[in-house]
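Remarks on the structure that follows.
The values are calculated or read from the model by the stated rules, or taken from the named source; none is laboratory data. Keep in mind the model is a prediction, meaning the values are calculated, not measured. Cβ coordinates were reconstructed from backbone atoms using ideal geometry, including for glycine residues, and neighbour counts include every protein chain displayed.
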């Protein structure tokens, strides 16, 4: 079990460019979460998929951010026209949404917008 | 609304000592999970231990254990025999099971407690 895999681990983009972050959940996990962490805001919930369907995207900035889960083995978070304030560690987590469960996080993607 | 409070933003102890980190929470749900995570400087969030609201078992995982006081809506993480590598930021998180049986969309995290272990 390789755990939740996030790629790339580090990404530097120029202001205005697009950034795509990848997440491979643990095999068999049907719940996938995206969070981001900054020093100022702390941990912010972005979005949540269950069985590939978007369930809750209340944390997603309405413009420029989008997330997809085209199949059960990966999810992507895309940021268009990146801005310096998008710089953060983006964390993906997966879980089985059952009564006895853990939520496992990937190692994160550190996005730096210059 | 759900809420998680970690009162102490920092804590420090000597190597070998025991440390208790406190967390209180608010929820209107009957069933929920509580998690403790350690956040590394690399950005990685490491799962430590889980407590389910319906469980009366005293959860333990290695040097980590919890004290769960459901009536007080409180959960404490106890780290025994502290080591320098235990330094880091520790987060308490709440994940609610909704009345429909499914889990809500997000974990609610506290602000975290920065732990320093002094050698």
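Okay, here's what the table says:
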{"item": "Any hit, the range A:52-75, residues being surrounded by 15 or more Cβ atoms within 10 Å (Cβ to Cβ), closer than 17 Å to residue A:89 by Cβ and modelled with pLDDT under 90", "result": "yes"}
{"item": "Residue within the range A:92-104 that is more than 10 Å from chain B (Cβ to nearest Cβ), exposed (fewer than 15 other Cβ atoms within 10 Å of the Cβ) and either under 20 Å from residue A:11 (Cβ atoms) or more than 10 Å from the chain's Cα centre (by Cα) (or both) present", "result": "no"}
{"item": "The range A:8-24, residues that are in a strand (DSSP E or B) and within 14 Å of chain B (Cβ to nearest Cβ)", "result": "A:10, A:11, A:21, A:23"}
{"item": "Any hit, the range B:47-63, residues being away from every other protein chain (no Cβ under 11 Å), in a loop (DSSP other than H, G, I, E, B) and touching a helix residue (DSSP H, G or I) at 6+ places or on another chain (Cβ under 7 Å)", "result": "no"}
{"item": "Sole residue being within 12 Å of chain A (Cβ to nearest Cβ), surrounded by 20 or more Cβ atoms within 10 Å (Cβ to Cβ) and not in a helix (DSSP H, G or I), chosen from B:94, B:21, B:82, B:41", "result": "B:94"}
{"item": "Test set (1) assigned to a strand (DSSP E or B); (2) touching a residue at least 24 places away in the same chain (Cβ under 8 Å); (3) under 27 Å from residue B:50 (Cβ atoms) - residue A:27 fails condition number", "result": "(1)"}
{"item": "Residues that are buried (at least 16 other Cβ atoms within 10 Å of the Cβ), within 14 Å of the chain's Cα centre (by Cα) and more than 10 Å from every other protein chain (Cβ to nearest Cβ), drawn from the range A:76-91", "result": "A:77, A:79, A:86, A:87"}
{"item": "Residue in the range A:29-36 that is surrounded by fewer than 17 Cβ atoms within 10 Å (Cβ to Cβ), within 20 Å of residue B:110 (Cα to Cα) and within 11 Å of chain B (Cβ to nearest Cβ) present", "result": "no"}
{"item": "Residue that is farthest from the other protein chains (Cβ to nearest Cβ), among those in the range A:44-71 that are in contact with a strand residue (DSSP E or B) (Cβ under 9 Å, 6 or more places away or on another chain) and outside any strand (DSSP E or B)", "result": "A:64"}
